Amino acid sequence: MSLVRYISAHFNRHKTLSPSLRVMKVVTIVGIAMATATLIVTLAILTGFEREYRRTILDFNAHLVLLKAGETDAMADVSDLIGSRESIKGATPFLYREGLMLGGGSIKGVIMKGIDVATFRDVNPMRIMMPPDLPTLESALPPTSTKPYVILGAGLAKSMKLAVKDLPATVRFLVPTSAVAKGEDKFKELKVLGIFDAGLYDYDAQFALMALPALRTLFELPESRTTGVELVLDDPDNAKELAKWFEGKLGPVWRAVPWSELNAEIFKAVEMEKTTFSLIMGVLMVVAAFNIIGVLVLMILMRTGEIAILRSLGMTQRALVRVFTRGGLIIGVLGVGIGTAVGIGLALILARFDIVHIAPEIYFLNRLPIDISPLVCGIIAVFCIAACWCTSWLAATKLARLPIVEGLNRA
Amino acid sequence: MKSEGQAKAKANNMIVEAKNVHKSYDGETEAVEVLRGVDFSMNEGELVGIYGASGTGKSTLLHILGSIDVPTQGTVALFGNDVAAMGDAQRAGLRNTHVGFVFQFYHLLPEFTALENVMIPCMIAGRQPKEAHECAAEALEKMGLSHRASHRPAEMSGGERQRAAIARAAVLRPKLILADEPTGNLDRETGNKVWEYLLRLTKDEGMAMIVVSHNHDLLGDVPLVYELKDGAIARG
């Protein structure tokens, strides 16, 4: 056992401390534990949000979207290029149109997404609920049919006051004036045959799916009209690199948009929240760690005599600083250890039980997402312990410099 | 490479040399000068007594000679090393291996046993706990305190505490023992016993010793006695 450990073990033994110092020590450990736990829970929630947004966005939007100016037959132009890249696991054309939907006494702006039913499931795994007599997507939206069958987002269906048990049902759709011939009825009736749940309120409240031929017919568009092609990759993180490759191959008429750019605002907002909360909680942690200074000041002032005796025996200031820094560090490690356990426990409880209800209209999600990352917990623990070490070292360095004679007189 | 001072000190066997040492403290209205130009030196193995009334600065001089206090003016050389020129670690190292302190109020660490108190200088010197334990046990045995090794200071008598403090001061066989009123807190009989222990130890081990006391009778056995009066030192 080294000298520092030997002396520190005696000086920091709980039963050798005065009652007031014991109370201060416990309060400090609790403070550090609370700050650590808060930091872990906060980051678990924010990382959960990030993960859920990413998962939902990737489920609904695919990993890479190829958009062609003029909306001509996009799929025909890129099918060879898509076939040449093994990293592309699926591709499907799509078409976007906007209109107003009326039903259940309300009127909502809707984005109609025309999908190629045959290839849609290669790209989009989201949950679609349909009546029992329509077991597959193909049975609800026949791939070549031009009939106005539609699948609504869960939020949109709720606005139309529709549930799966009510299906099939009819809603009215107002096609923009420019899209219909003069004198024709602008209101079309759509038959709702399913409800999808993308998991992100923004999508569920705004989007409806139709088969591509049916949407083209509804908007009186030519047969080959598509907005672009959605691609799914074996690794979504390669989307940016592949986007550059496509843009290089396809020229300026095309734009390749990776998933991260499609929803850049959401990710920026989450990232900003994460940074801000990390900073605030980090400061909270440092403030909690500063309590160690109080404990060490009291501990050192109560031991000025012993410090002076040790120095007269030849112990260096440096060794004494290490003795008291070690004492502070023990408090910090205890606090951080307890805080990490409590934080992970709380996060697990929040993940397991639906205790906190969040408004999907605001957060886009209907359940508090939790993601406990061992790496993040490790980083937090290391940061918190480092903060405790720094404050302990600062206090010990300042206080261990008391003159020896002054200390001997107090001994 | 040895400095000129070290070489000279070795040649003369001089272990402590103080020149023109002044020490003053800030008083409420003006500075109080305790030491006024003290010159002092001693050689290896010598026994020196410093006598003086209370408050004349005997302890202050002893602290300065032992490098735990600094003079306001003047120089102190310990074993040929200018104390003012040394860093904290060097001074601490010198105190640990070459100087042993015996204080009036023992100054044992209250939470440590007698054995642990004596082990500390050995551990500061870098010895392993097992080796430190052996050295400390031997030092306590010499002081007749083996049976008190596992007792804390609060469980020991004044005489036993002071003998434990002497064992601690001598455990590393330093060249110099600085004893500040070593019997000042003990009754006459116990004080005499402790004094005998101290004298026998320094004689057996060939250690030099400076004893500071207000009790002139105690210094009867000391061959060289100085008197500290009005901040100046003179042969007593």
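All of the numbers you see were taken from the coordinates with simple rules; none came from a lab. Please read all numbers here as calculations on a predicted model, not as lab measurements. Please note: Cβ atoms are built from the backbone with ideal geometry, for glycine as well, and neighbour counts cover all protein chains shown.
List of remarks:
- Antiparallel bridges, percent of DSSP beta bridges restricted to the protein assembly as shown (to nearest 5): 70 percent
- Peptide B:127-136, shielding by other chains (average Cβ, 10 Å cutoff): 1
- Semi-axis lengths (Å, descending) of the ellipsoid that matches the C-alpha gyration tensor of segment A:354-411: 51, 13, 9
- Taking the C-alpha atoms only, the angle from helix A:264-302 to the longest principal axis of chain A is near 10 degrees.
- Annotation for segment B:61-131 versus segment A:145-162: alpha-carbon center distance of 88 Å.
- Take each residue of peptide B:119-126, count the partner chain Cβ atoms within 10 Å of its Cβ, and average: the result is 5.
- Highest mobility in the GNM of chain B, judged by mean-square fluctuation with C-alpha springs under 10 Å and restricted to B:114, B:85, B:77, is found for B:85.
- Cα-based shape type of segment B:27-99, given that a ≥ b ≥ c are square roots of the gyration tensor eigenvalues and the cut on a/c is 1.5: oblate
- Kirkwood-Stokes translational diffusion coefficient of segment A:5-132, alpha-carbon pairs, 4 °C, 1.567 mPa s, µm²/s: 61 µm²/s
- In range of the label at residue A:286: residues from segment A:311-333 whose backbone nitrogen is under 11 Å from the point 7 Å along Cα→Cβ: none
- Relative contact order for chain B, counting Cα pairs under 8 Å that sit 6 or more residues apart, in percent: 27 percent
- Selected from B:91, B:188, B:148 as most flexible by GNM, with chain B as the system and alpha-carbon contacts under 10 Å: B:188
- Computed over the alpha-carbon atoms, chain B gives an Rg to Rh ratio of 0.97, Rh here being the Kirkwood radius from the mean inverse distance.
- Within segment A:5-43, the trypsin sites (Lys or Arg not before Pro) that combine a DSSP coil assignment with at most 13 other C-beta atoms in a 10 angstrom radius are A:13.
- Relative contact order of chain A: 28 percent, from C-alpha pairs under 8 Å at least 6 residues apart in sequence.
- Sequence-distant contacts, meaning Cα pairs under 8 Å at least 6 residues apart, place the relative contact order of segment A:63-258 at 37 percent.
- Euclidean distance of C-alpha centroids, segment B:157-172 and segment A:29-85, integer Å: 73 Å
- Cross-link table A:108/A:158; B:58/B:229; A:89/A:147; A:108/A:191; A:68/A:244, entries beyond 18 Å C-alpha to C-alpha: A:89/A:147
- Distance in nm between pseudo-label sites at residue B:90 and residue B:43 (7 Å out along the Cβ direction from Cα): 2.7 nm
- Gaussian network model of chain A, Cα within-10 Å springs - most flexible of A:315, A:210, A:130: A:315
- Kirkwood Rh in Å, taken over chain A so that all alpha-carbon pairs contribute: 25.9 Å
- Peptide B:99-106 is shielded by partner chain Cβ atoms: per residue, an average of 3 of them sit within 10 Å of its Cβ.
- Against the compact-protein benchmark of 2.2 N^0.38 Å, the Cα-based radius of gyration of segment A:253-379 scales to 1.70.
- The protein assembly as shown: calculated mean residue ellipticity at 222 nm from DSSP helix runs of at least 4, using -39500 (n - 2.57): -15500 deg cm²/dmol
- Prolate/oblate/rounded label for segment A:200-252 (Cα gyration tensor, a/c 1.5): oblate
- Put a dot 7 Å past the Cα of residue A:55, heading toward its Cβ, do the same for residue B:216, and the two dots end up 9.4 nm apart.
- Database remark: amide H of residue B:49 closer than 5 angstrom to the amide H of B:211, B:224, B:225, B:226 (H placed geometrically; neighbours at sequence offset of 5 or more, or on other chains; Pro and chain starts carry no H).
- Listed peptides A:187-197, A:146-156 appear in the order A:146-156, A:187-197 once ranked by packing, highest mean of other Cβ atoms within 10 Å at the front.
- Percent of alpha-carbon pairs separated by more than 23 Å within segment A:63-258: 45 percent
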